[in-house]
Amino acid sequence: MDYHQFFSSSFQKPRIPYPYQSRLAESSCESRLIVVPTGLGKTAAVTLSWLWNRVYLQSDEWPRRLVYCLPMRALAEQTYQSAVEWLKAPPLIGKKVGLHLLMGGETSDRWEQNPEENAIIIGTQDMLLSRALNRGYGMSRFRWPMHYALLNNDSLWVFDEVQLMGAGLPTTAQLAAFREDTNFGSAKPSKTWWMSATSSPDWLDTVDFESAALPAPIILEADSDLKDATVNQLRKSPKKLEFTDNSSNEKALAKLATEVINKAIDRSGLTLVVVNTVKKAKELHTHLVKQIKPNTSQRTPLLLHSQFRPEDRKKILTNLLAAEGASIIAVSTQIIEAGVDISANTLFTEMAPWSSLVQRLGRCNRRGLPESDARIFLIPADKATPYGEEQLKEAKRIIDGFISNNQDASPANLACIDIPACDKPIAKHVIRKRDFIDLFDTTPDLAGNDIDIERWVRDADDSKVSLFWRQWDGALKGQEPPREKDFPAPHRSELCPAPIKETREWVDSAKKKITLRRWDHLSSTWEIVPKDFGKTLLIPGQIYLLPAESGGYSVDTGFDPQSPLAVTPITLNHSDDQDATASDPHSQGSWQSIAVHTDYVYSELEEIMAALGIIMPALLHAARWHDLGKALLAFKAKIKPECALRPEAALHKPHAKAPKDAWLKSLKATPDARNHFRHELASALAILQPAVTHIPEDLKNLVAWLIAAHHGKIRLSIRSLPDETLPKDPTARFARGVHDGDPLDEVNLGGGIISPMLKLSLEPMELGLCIEPPFEGKPSWTERMLALRDDSNIGPLRLAYWETLLRAADERASSKHP
């Protein structure tokens with residue numbers, strides 16, 4: 001079928017694509033700007049264009065991942081539901097396409113394990129940009145490099161509603177420039193689409209990116225789009241403008257509520273009220289609830305903003321969408337101004353910058369009904385606004401012109417106004433090449449800190465954390481949460497975004513003690529968040545646990561420090577457990593030797609490489625040698641001695657895997673076990689020795705990186721950790737459970753490869769040239785790895801991508817052959 005047939009049959013009610021939608025699908029895949037008015041199907045345009053080309057036509061010129069980035073959670077959820085329906089449509093039956101939603105907490109389906117498959121990844125700005133910067137919010141730090149790799153290779157990024165992205169917008173342009181820079185080393189090309197009804201190409205101009213290099217934007221063209229009857233009906237939908245009698249000042253909110261109620265009673269259909277802050281939305285909603293009299297035709301007003309748990313917000317949004325033709329009042333924030341497919345007959349909106357106002361006005365008579373009596377009431381903004389004074393003055397000047405000329409706010413009339421220069425996002429911080437290179441290393445510094453990326457992801461005022469509430473015995477008395485399976489890692493359905501400032505003020509000033517906890521990867525416990533000079537230390541994007549009895553949340557109003565009532569936790573199924581906090585568990589399943597497991601990994605990697613069209617000996621060498629370190633006594637000592645003597649265990653030595661009940665629960669039970677032991681470090685150090693002749697010398701550094709990185713824990717440096725098991729020789733080096741001089745016997749690695757007998761040396765952990773055998777005259781580990789990162793033929797993006805292919809093969813082999 002051609003694209004018109006494909007597009008039409010993707011909907012339950014067949015529809016013809018608008019001309020611009022067809023132009024996008026039938027053009028080459030290039031980075032570009034898409035500027036189309038609200039209500040004209042931009043989400044369908046980009047998603048179906050990718051599905052048509054990449055999945056239906058199987059075009060390799062289009063990236064295999066569609067990464068759809070939105071500034072708000074509600075928009076991500078709505079886009080996800082649309083994608084669900086399109087993937088079930090007849091044209092794609094039998095086509096394999098992954099669909100994944102990233103909104104805080106990690107997805108349960110491990111999308112990164114299938115780097116060769118087509119996939120749609122939908123998420124919020126903070127979740128996706130943080131992952132692209134190798135500091136993924138709300139996920140295990142040890143999996144950061146996998147998401148970083150796949151989002152920066154072989155991906156088509158779509159940034160929707162760019163006028164709402166703030167500090168994140170210049171970051172998107174810089175990332176697009178970095179991916180095109182040969183020194184950074186993208187293994188597979190990626191492209192970027194920026195999309196909005198109100199944006200300008202020069203918004204994308206940064207120190208490393210020039211919008212002039214982009215092809216002409218996709219816009220509505222006079223000789224095609226503007227002749228389309230449906231497009232014209234939507235563009236000319238009438239909406240009368242006037243100002244309200246009351247302002248949005250805190251003291252005037254009660255009067256404003258009265259005016260909203262009176263106008264709503266006189267008119268049919270949905271009345272939507274949009275204000276500029278969550279605080280104001282909550283207060284106005286409270287006044288409306290108090291003033292609406294019982295037993296009247298008016299139903300309880302709805303409240304929608306960004307600070308709800310996903311399931312609660314979804315219910316509210318569902319009720320709102322269902323209430324489009326009903327006589328009901330809904331109060332919202334900027335969350336409604338973009339992407340939410342709702343049409344109100346009456347719209348109240350607080351004054352905002354012109355680019356934002358255009359989006360909000362698009363929520364009124366969105367269906368373009370020509371006989372509609374749609375009306376828009378503009379609320380003068382008070383000083384409590386996140387916008388600049390010049391932006392508000394310019395917007396008012398434009399609105400005054402519309403009213404004095406008796407013009408309505410139809411999309412056609414709005415499109416005649418150029419976006420004011422003052423609406424261009426001002427970037428206080430722009431990520432530079434050196435910053436991006438530094439982010440490649442995910443090793444925390446000695447104090448456990450990371451590079452702060454928040455300034456490149458969101459405006460400082462938008463900084464948020466994710467909170468979730470659970471019940472456990474003794475929670476209010478300081479008792480730690482249990483570690484058993486009945487206390488799983490947080491699921492995204494539990495997470496409520498909350499502003500850092502308000503959260504800190506609530507926790508620090510509450511009359512009853514409120515204990516916040518954050519997951520500690522080293523101790524594998526929920527540790528109490530410390531304070532500095534009396535203030536709780538909160539990190540943007542991180543997940544924090546609260547006892548349910550702490551209050552602070554309501555299903556009707558969302559995050560609410562004034563709510564003292566215990567929070568009802570979200571009920572979880574264990575099948576929904578997430579890994580936002582987890583490290584990597586012991587290899588569990590049946591008894592399996594290193595040789596057998598390695599053969600499985602090697603086979604999986606060959607399949608992945610074949611699907612991607614990659615020929616790379618270094619990857620195959622890494623797969624063959626990656627688990628050599630499991631032959632060390634320190635790894636064997638993790639298994640209960642009595643279990644290792646079982647007949648079935650004896651047949652699979654040296655062990656790569658063992659049943660769950662065979663692992664020691666405490667390493668103190670045996671003198672040979674070591675805290676923080678990392679077998680991949682032992683494997684990497686071993687293959688660097690001259691005695692290993694199976695791997696060409698010119699590939700050894702790369703193979704060593706791939707091996708050391710395959711659990712995300714050994715990176716550009718080798719360091720000892722607190723509470724390590726000390727070697728018997730007090731002068732011996734030690735790091736991550738590996739000690740100088742550890743003996744390594746011959747090991748069958750499968751594929752006819754037998755490793756030689758070796759003694760491990762940790763001299764490469766030191767800086768400078770090594771002076772002792774077997775590394776005499778050779779560079780340190782850090783020098784070797786930095787050389788790989790800075791090699792223009794390799795670079796950080798290729799390194800991460802290749803690492804991810806091996807990790808995916810290893811995890812898939814463990815899953816398929818437990």
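Some observations on this one:
- Checked against (1) in contact (Cβ under 8 Å) with a residue 60 or more places away in the chain; (2) more than 26 Å from the chain's Cα centre (by Cα); (3) surrounded by 19 or more Cβ atoms within 10 Å (Cβ to Cβ), Trp802 passes all but condition (2).
- Filter result for Ser332 (closer than 19 Å to Ala197 by Cα, at pLDDT 85 or above, touching a helix residue (DSSP H, G or I) at 6+ places or on another chain (Cβ under 9 Å) and open to solvent by less than 50 Å² (accessible area, probe 1.4 Å)): no
- Scanning the range 665-682 for residues that are in a loop (DSSP other than H, G, I, E, B), under 24 Å from Trp625 (Cα atoms) and touching a helix residue (DSSP H, G or I) at 6+ places or on another chain (Cβ under 9 Å) gives Asp672, Ala673, Arg674, Asn675, Phe677, Arg678.
- For the range 181-195, filtered to residues that are small (Gly, Ala, Ser) and in contact with a Ser or Thr (Cβ under 8 Å, 6 or more places away or on another chain), the residue that is modelled with the highest pLDDT is Ser190.
- Residues of the range 1-21 that turn out to be among the polar types (S, T, N, Q) and surrounded by 20 or more Cβ atoms within 10 Å (Cβ to Cβ), as a count: 2
- Residue list for the range 352-387, restricted to those being of a type in the set (A, V, I, L, M) and open to solvent by 10 Å² or more (accessible area, probe 1.4 Å): Val358, Leu369, Ala381, Ala384
- Whichever residue in the range 328-358 is of a type outside the set (Gly, Ala, Ser) and part of a strand (DSSP E or B) and, among such residues, is nearest to the chain's Cα centre (by Cα): Val331
- Residue in the range 35-58 that is out of contact with any helix residue (DSSP H, G or I) (no Cβ under 6 Å at 6 or more places or on another chain) and assigned to a strand (DSSP E or B) present: yes
- Being of a type in the set (Lys, Arg), open to solvent by 10 Å² or more (accessible area, probe 1.4 Å) and in contact with a Gly (Cβ under 7 Å, 6 or more places away or on another chain) is not true of Arg73.
- Checking the stated criteria, Ser247 turns out to be closer than 30 Å to Leu288 by Cβ and surrounded by fewer than 21 Cβ atoms within 10 Å (Cβ to Cβ).
- The listed residue being open to solvent by 10 Å² or more (accessible area, probe 1.4 Å) and among the small types (Gly, Ala, Ser), out of Gly138, Gly166: Gly166
- Under the condition of being in a helix (DSSP H, G or I), more than 19 Å from Gly362 (Cα to Cα) and of a type in the set (S, T, N, Q), the residues counted in the range 397-427 number 1.
- Cβ-Cβ under 8 Å pairs, at least 6 apart or on other chains, the range 143-157 side open to solvent by 10 Å² or more (accessible area, probe 1.4 Å), far side part of a helix (DSSP H, G or I) and not small (Gly, Ala, Ser): Arg143/Glu112; Trp144/Arg131
- Candidate set from the range 251-277 (those that are among the β-branched types (Val, Ile, Thr) and assigned to a helix (DSSP H, G or I)); member that is surrounded by the most Cβ atoms within 10 Å (Cβ to Cβ): Val260
- Filtering the range 573-583 for residues that are over 28 Å from Thr333 (Cβ atoms), surrounded by 13 or more Cβ atoms within 10 Å (Cβ to Cβ) and at pLDDT 85 or above leaves an empty set.
- The condition of being open to solvent by 50 Å² or more (accessible area, probe 1.4 Å) and within 14 Å of His679 (Cα to Cα) holds for Pro743.
- Of residues in the range 637-660 being without any contact (Cβ under 8 Å) to a residue 40 or more places away in the chain and touching a Pro at 6+ places or on another chain (Cβ under 9 Å), the one nearest to His679 (Cα to Cα): Ala637
- Filter result for Ser306 (in a loop (DSSP other than H, G, I, E, B), in contact with a Lys or Arg (Cβ under 8 Å, 6 or more places away or on another chain), open to solvent by 40 Å² or more (accessible area, probe 1.4 Å) and modelled with pLDDT under 90): no
Table: residues versus (1) hydrophobic (A, V, I, L, M, F, W, C); (2) buried (at least 17 other Cβ atoms within 10 Å of the Cβ); (3) touching a helix residue (DSSP H, G or I) at 6+ places or on another chain (Cβ under 8 Å).
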| position | (1), (2), (3) |
| --- | --- |
| Glu697 | no, no, no |
| Gly712 | no, yes, yes |
| Pro722 | no, no, no |
| Ala732 | yes, no, no |
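- Leu467 being at negative phi, surrounded by fewer than 13 Cβ atoms within 10 Å (Cβ to Cβ) and within 24 Å of the chain's Cα centre (by Cα): no
- Tallying residues that are out of contact with any strand residue (DSSP E or B) (no Cβ under 8 Å at 6 or more places or on another chain), among the charged types (D, E, K, R) and not in a loop (DSSP other than H, G, I, E, B) within the range 641-664 yields 3.
The values are calculated or read from the model by the stated rules, or taken from the named source; none is laboratory data. These numbers were taken from a predicted model, which means no experiment stands behind them. As a convention, Cβ positions derive from the backbone with ideal geometry for all residues, glycine included, and neighbour counts pool all protein chains shown. Each accessible area value is taken on the protein alone, full model and side chains, heavy atoms only, with ligands, DNA and RNA left out. Shrake-Rupley method; radii C 1.70, N 1.55, O 1.52, S 1.80 Å.
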